[in-house]
Amino acid sequence: MDVQEENDSCLHGNDERVNMIDFTKAVRRYWTQFLAVFTASLGPISNGMEFGWASPAVPILSNSSSQLQLTHDDSFWVETLYIIGGVCGLPVTFVLLQYLGRKKSLIASECVSVICWVLVATSSSVSQLLAARFISGMAANIIFVGLPMYTAEISEPAIRGFLGSFVYIMSIFGILLSYSVIPFMPIYASSIIGGCICLSMILTFSWQPESPYYLLLKGRKDQARAELERLRFTDNIDAELDEISKAVERQNAERGRPIDLISSPSNRKAILVMTVLNTAQNFCGMTVITMNAQSILQSSGTVSSIELSAILFGLTMFLSSVLGSVLIDKFGRKFLLISSTLLASIFLAILTGFFIAKDELGADTDGYTWIPFFATIAYAFAFKYGMGLVPIIVTAELFPTSVKSMGMVLSDMWFTVSATLSIKLYYATSISMGMYFPMTIFCCFGIFTVFFVHFYIPETKGKTLEEIQMILKGKATKEPHAPLAEYRVNSVRPRVGRHGQIAGYRGTRHTACSTTGLVPPILENYTAPLAPDLECIDNNRNAGDLHLLTTTRVYQLKTIDSDSGRGGGDLIVNCR
């Protein structure tokens, strides 16, 4: 082995050790945030079951052998009252989130959901079933408004997109559960499963921390510090706590009146983005297709089992949502939105063409029933990884703390209104004009949305909530958070100043463990003084931790022994 090969082998081994150290630190750093969001996201599983419940349950309850024997109008109200309940619950949601807090509001929502599942399981009349659907819609509203807020406020920018996707992934998993359980088991079985999931959320999430943003908003700084220490799994949170405090103070200074939602240009832009994205989620067809997957597949004459096709539809949505959660912090929000909506529009166009050929032109489609089946499954995959996932994350990022509750409530209200309108459009036109007509409208709105996202929506990937506000205000922002990069340097020693303080470090860059190109000034082969905004945390003769006290980057410098990985030796620099 020549010298170059030996050096490459050594560097590769060092890189593997550094990556393992970094992975361990990342797990230790983020696991508390992950656990908090995961336990809270058990609730959306139950809410997803409620949302998808109508698709497999309505055909069963409409059967002549059913005790309820739902009519066509009853079926419409079973779907719509869940949405209307969400609208009517908006004032309750706002009051709870504003005065009870994010955490307690989410727990209260799941307590109500347990009651609703009991009502569904014991329904002996249509009126009782409709009442349960209405109340469950009110409870779900609290979850789908409050949980994105909670997640955005407790998460660090590097993982905010990933954690923000949990609420959506879990709700899709709930839809899949409804599709998988209801056709093959008694109706009450789904209520038992949903109720148990709600109880699991209540028992596990009760032990998780409250949002530090909310606590600072209420002037409870000591409690906010304690909760932030739990979330970051460290007591070294002074810089972040000060940054959050200043952001909350600035946003509070802008007040939190309803009129501020339209008087502030940045809030008006946030409202426009929210309105278009929430409308697109419904008028690109997802609510209609999710609630009517079995009837749409049956209308197409597909030869596959309707029940199994619906399960595959739900499974595809779930897997696509998981994929989107992995990609969102890598490729950004805009890329996922544009590619997802464009592909979904293409598959809607295929569905439209098939229904025109079958219903309007009278063509023989018996040999081509695989086309709508394929287009529907492909549509589910295309829609869910982007347009189905990203809007709920972006909406939680766009509004400042002072009006976040009102903004999220308004967002959810418009979502429910547009969902109701899309369902009404589907029921009114699919029978009178043919299935192709609503599909055509959904396709056209998807194409419009692609252009809107490209030209108007800002990218929020990797930015703090404060930086996003500056972008919406049209102000220049500092360089956004870069991905975590590692640099290994050797021959490092501190340079002691005149009064014994560490004034800088002397080091030679040995190799970079990533290709982000972020090389801090101290690694440029000369002794650099500490910048005014650098603070030495571990003030001893060895290299300590340096934290750049701004919102742009954080440089964490630690000495790593070349053999044991525990202090002394080479210097590992984490730049973000």
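Points worth noting:
- Figure legend. Inter-residue proximity from the stretch 214-237: first residues of a type in the set (Gly, Ala, Ser), second residues assigned to a helix (DSSP H, G or I) and open to solvent by 20 Å² or more (accessible area, probe 1.4 Å), beta-carbon distance below 6 Å, spacing 6+ or different chains. Indicated pairs: ALA224/LEU216.
- Some residue of the stretch 82-104 being out of contact with any Cys (no Cβ under 6 Å at 6 or more places or on another chain), closer than 19 Å to ILE192 by Cβ and polar (S, T, N, Q): no
- Taken over the stretch 146-187, the criterion of being aromatic (Phe, Trp, Tyr), at pLDDT 85 or above, under 13 Å from the mean Cα position of the chain (by Cα) and open to solvent by 10 Å² or more (accessible area, probe 1.4 Å) is satisfied by PHE166 alone.
- Test result for ASP359, part of a loop (DSSP other than H, G, I, E, B), more than 30 Å from ILE457 (Cα to Cα) and open to solvent by 20 Å² or more (accessible area, probe 1.4 Å): no
- Lone qualifier among SER325, SER339 - being touching a helix residue (DSSP H, G or I) at 6+ places or on another chain (Cβ under 6 Å) and among the polar types (S, T, N, Q): SER325
- The set of residues in the stretch 331-351 that are farther than 17 Å from GLU397 by Cα and of a type outside the set (A, V, I, L, M, F, W, C) comprises SER339, SER340, THR341, SER345.
- Subset of the stretch 344-386 that is touching a residue at least 60 places away in the same chain (Cβ under 8 Å) and among the charged types (D, E, K, R) - its residue that is farthest from LEU308 (Cα to Cα): GLU360
- ILE311 being open to solvent by less than 40 Å² (accessible area, probe 1.4 Å) and of a type in the set (A, V, I, L, M): yes
- Number of positions in the stretch 216-251 that are more than 22 Å from the chain's Cα centre (by Cα), open to solvent by less than 30 Å² (accessible area, probe 1.4 Å) and at pLDDT 85 or above: 4
- Checking VAL409 against (1) more than 20 Å from GLU79 (Cβ to Cβ); (2) among the β-branched types (Val, Ile, Thr); (3) at pLDDT 80 or above, the condition it does not meet: (3)
The values are calculated or read from the model by the stated rules, or taken from the named source; none is laboratory data. Nothing here was measured: the structure is a model prediction, and the numbers come from that model. Glycine also receives a Cβ, built like all others from the backbone with ideal geometry; neighbour counts cover every protein chain displayed. Accessible surface areas use protein heavy atoms only, side chains included; no ligands, DNA or RNA. Shrake-Rupley method; radii C 1.70, N 1.55, O 1.52, S 1.80 Å.
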